[in-house]
Amino acid sequence: MMTAPSPCLPEVFKSLEISLLAAPAATPVVGTGQRTPIIRASNDREAAASFLREFQDSPHTHRAYKRETLRLLMWCEAIARKSFSDLVREDVDDYFAFLSAPPADWISPGRHEVGSPEWRPFRGPLKGSSLRYVKLVCDSLFSYLVEAHYLAANPFSLARKRTREVATDEPIAPPTARRHQLPDDALQLAYEWINGLPDKTASQRCRKMRFRATLSLFLFTGGRLSEIANANTQNLAHEKGRWTLWVIGKGGKKAGLPLPPTLVRDLTEYRLANGLAAYPTMGERTPLLSKLLQPSEGISDNMVYREVKAILKGAGEIAHERGRDELEHLLKHSSTHWLRHTTIGATVEATQDLQLAQQLGRHSSVTTTSIYSTLADEQFHDKVSETLEGVFGSL
């Protein structure tokens, strides 16, 4: 596999991102396929941009697909030095090998905003389900470009063996939705860390209340990062004493998320600390989460993510001080999506009502929701353990 230095990755990425956001070319041109393309693209960047525009109505999918598309474009331009039309089946293996062990200068030591000098395409090597997801996105991208007559063939569609190989990289373990849940004592430490923050100045109190409102928004709604970060007071409805937050989720689907009393309390206390009235006024349009003492200025998805990571890190430090190493490890590796898993899992465990949890999680199939249920596994474990202990335990 070819290797090459990549001295200006943020600049390369910025150039790529500008290309992907640019307006399509004025007219379709004959590209690298056998027929006239039916998309307006004269090069790979424009072709990739056309593909990504198909997902503009689904922010979560668009963001994830954009990340993988940019990684592939960067690899093609900086490492392989090939266009999409030049890629063959063996290049697919080279690309997956690259993803499994990216060079050090492609890896960021932390989470940074795009365009930052510290930004890099990776946080570390990819493996298991992450590689399978890359395969899915790249296969989808190339299939689209073949169907659009921009490319003649899709080398990713031939990579059947790769999918089976990466599947064996992961340890045998319970589903991610179960493993990525935080126990009650971890959540208690998170709120304990928040409660211990200073609040003598207006800025300190606002920051403290924003931390609490942020954590509660995720835990009490099961919302996704983009839904929480983009929520504003016009998305709220108050009817018959019930508060509801309306969001647009995956696939552009609207959903109303109930706001329990504790969450409403945390939001009103945050509003008061931020210089607003306790409850939204008629016609008010302010972000639910905003900059400190600037209630009309919203914060980005990335900022909300970092807020949650700061809370979990603080809780992890308390766990470390108390010798709770396993809990510290769990908190260190958790994220906003872990909170969503935690909420749905807690709902299933408390109610054993899969349809209720399905509606909360907005899963298209109850089969997805059933992954969160441990009841059948626990009953199976207890029955088998009791039976075989009785049969063989006295030998």
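The values are calculated or read from the model by the stated rules, or taken from the named source; none is laboratory data. Since the structure is predicted, the reported quantities are computational estimates derived from the model, not experimental observations. Glycine also receives a Cβ, built like all others from the backbone with ideal geometry; neighbour counts cover every protein chain displayed.
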Among what's in region 344-353 and is surrounded by fewer than 21 Cβ atoms within 10 Å (Cβ to Cβ) and part of a helix (DSSP H, G or I), pick the residue that is nearest to the chain's Cα centre (by Cα). Ala346
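Here is a yes/no grid of residues against (1) assigned to a loop (DSSP other than H, G, I, E, B); (2) free of Cβ contacts under 8 Å to residues at least 40 places away in the same chain; (3) closer than 18 Å to Lys254 by Cα; (4) under 26 Å from the mean Cα position of the chain (by Cα):
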| position | (1), (2), (3), (4) |
| --- | --- |
| Ile194 | no, no, no, yes |
| Arg205 | no, no, no, no |
| Arg212 | no, no, no, yes |
| Ser216 | no, no, no, yes |
| Leu219 | no, no, no, yes |
| Ser226 | no, no, yes, yes |
| Gln234 | no, no, yes, yes |
Exactly one of Pro10, Pro37, Pro24 is surrounded by 14 or more Cβ atoms within 10 Å (Cβ to Cβ), over 22 Å from Val137 (Cα atoms) and at pLDDT below 95, and that one is Pro10
Cβ-Cβ below 7 Å, separation at least six or inter-chain, first residue in region 49-74 and in the same structural domain as Leu145 (by TED's automatic domain parsing) and surrounded by fewer than 21 Cβ atoms within 10 Å (Cβ to Cβ), second at pLDDT below 90 and of a type in the set (S, T, N, Q): which pairs? Phe55/Thr61; His62/Gln56
The residue from Tyr372, Tyr305 that alone is among the hydroxyl-bearing types (Ser, Thr, Tyr), crowded, with 20+ Cβ neighbours inside 10 Å, out of contact with any Cys (no Cβ under 6 Å at 6 or more places or on another chain) and within 28 Å of Ala64 (Cα to Cα) is Tyr372
Return a yes/no flag: does region 328-336 have any residue that is over 21 Å from the mean Cα position of the chain (by Cα) and outside any loop (DSSP other than H, G, I, E, B). yes
Output for region 131-189, where each listed residue is closer than 30 Å to Ala315 by Cβ and at pLDDT below 70: Glu170, Pro171, Ile172, Ala173, Pro174, Pro175, Thr176, Ala177, Arg178
